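The block underneath contains the structure these notes are about, expressed in structure tokens.
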Amino acid sequence: MRPGEMGIIVLCATALAVVALTQFPSPSDAPVPRAEALVQSDLPTIDTDGPVTLYVIYCSRCHGSPENAYPSSRGHRRNDELKQIIREMAATRAMVSIDEQRVGELFEMHNAMFDRTPYVWIDRSQTDVIAGEVIPGTTVRAGKYLANMDEQHFVLPKTDAKVILTRSRESLAVGAPVK
């Protein structure tokens, strides 16, 4: 090669590369189909009356919001003593009557609050959608769907997929809801 020919070759190769990139997009520029969750905007907002709502209305004013309550309670009471405290607080401080099923739901919710883990309550009265309550800050998915959230309430289209909850980097899979 004569002096200067190498520079011309590099210049031509660079020009060809620029033309090729502008005229023929690379495969990496093509839209990539992703398994992104779909949010269904046509779903109704459903106000439920589950344990999270009960806690928000009657307990959070003293104990804090469900996502931030009991900050130093890991390993807190996990037995019948906690259930008895729930019964007493409901009857005295909150002045609300709750049955044993609700005591059990509140017990499970408190354990999730103590551990900063996911908790879900599914409203079985809903037949056209999957609706329920979670501790705020929880994401709820089922198959390809991401739940519509309104504070602690969520709504998903009816699906056979498992409901996946994620809170504080911990996930919980719940079996497919009743059809």
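The values are calculated or read from the model by the stated rules, or taken from the named source; none is laboratory data. All of these numbers come straight from a predicted model, not from anything done at the bench. Quick reminder, even Gly has a Cβ in these numbers, built from the backbone with ideal geometry, and neighbours come from all protein chains shown. Calculation scope for accessible area: heavy atoms of the full protein, side chains included, ligands and nucleic acids excluded. Shrake-Rupley method; radii C 1.70, N 1.55, O 1.52, S 1.80 Å.
For the pair region 89-125 / region 129-179, the C-alpha centres are spaced 18 Å from each other. The modelled label-to-label distance for the pair Val174/Ile85, using points 7 Å beyond Cα in the direction of Cβ, is 2.4 nm. Across the accessible surface of region 60-164, with the other protein chains kept in place and a 1.4 Å probe, carbon and sulfur atoms take up 48 percent. Measuring nothing but how far apart in sequence close Cα pairs (under 8 Å, 6+ apart) lie, relative to its length, region 100-175 scores a relative contact order of 27 percent.
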